[in-house]
2 protein chains.
Amino acid sequence: MTKSSKTEDARALLASNLQRLRLELGHSQEHLAELAGFHRTYVSQVERRVANVTIDNIQRLAAVLEVPVAALFTAEKSG
Amino acid sequence: MTKSSKTEDARALLASNLQRLRLELGHSQEHLAELAGFHRTYVSQVERRVANVTIDNIQRLAAVLEVPVAALFTAEKSG
C-alpha cells in the first residue's frame, strides 16, 4: 500500500511526460508520430489517454524522445 | 542518443523487475496473475517476454506488486 501505487494513473503519467518531452524537442504530435513510425494520429491518442499503448510502442516513444522508459512514468517534481 | 534509450529493452526490464518483486512477495506466477485478475498463464508470458503488455495491464501489475509503474522499468543497480 506504499508509494501511492493504488492511485497512480499510468495513462496520465505517460500522457503528461510524452507531451512535455515532445514540446521540449519542438516536435508536433504528427512529426513525433512520423519519427516513431506510428500513424499520424497515434501520439494525439496517447496524449489524450485514449490509447491502451503496448510496451513495444512505449519503448519506441522513449527511443524517439531519447529518454529511458522509466522517465515516461515518473511524476514530475514540483518547483 | 543519451541514456542508452536506443538499446533499452522494455520487455526485458519489465520481466526482470516483475520476477524479482514477485519473488520478494513470495508469490507464484499463477497466484500473482490471480491477484491481478489475469489469466493464470499471463504472468508467465510477461516474465518470458512473449506478451506485448498494455499500459493498463502494466498498471495492474504495479498495483498488486505495490510499486510505482516506473519501478517496473528501472534497471537494477549493481552491487
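For the residues of B:11-22, the average number of beta carbons from a partner chain within 10 Å of their own beta carbon is 1.
Dividing the C-alpha radius of gyration of the protein assembly as shown by 2.2 N^0.38 Å, with N its residue count, gives 1.03.
Fully extending the segment from A:Asp9 to A:Glu30, taken as 0.36 nm per residue of separation minus the present Cα-Cα distance, adds 5.1 nm.
Projecting the Cα atoms of A:Gln59, A:Thr41, A:Ala12 onto the dipole axis of the range A:10-71, where Lys and Arg carry +1 and Asp and Glu carry -1 at the beta carbon, places A:Ala12 farthest toward the positive end. For chain A, the Kirkwood estimate of hydrodynamic radius, built from reciprocal distances between every pair of different alpha carbons, is 12.8 Å.
Placing +1 on the Cβ of every Lys and Arg and -1 on the Cβ of every Asp and Glu, with no other charges, gives the protein assembly as shown a dipole of roughly 20 debye about its Cα centre.
Any read-out appearing in this document is the output of simple, stated calculations on the displayed coordinates, not a laboratory observation. Keep in mind the model is a prediction, meaning the values are calculated, not measured. FYI the Cβ positions are ideal-geometry reconstructions off the backbone, even for glycines, and counts take in every protein chain you see.
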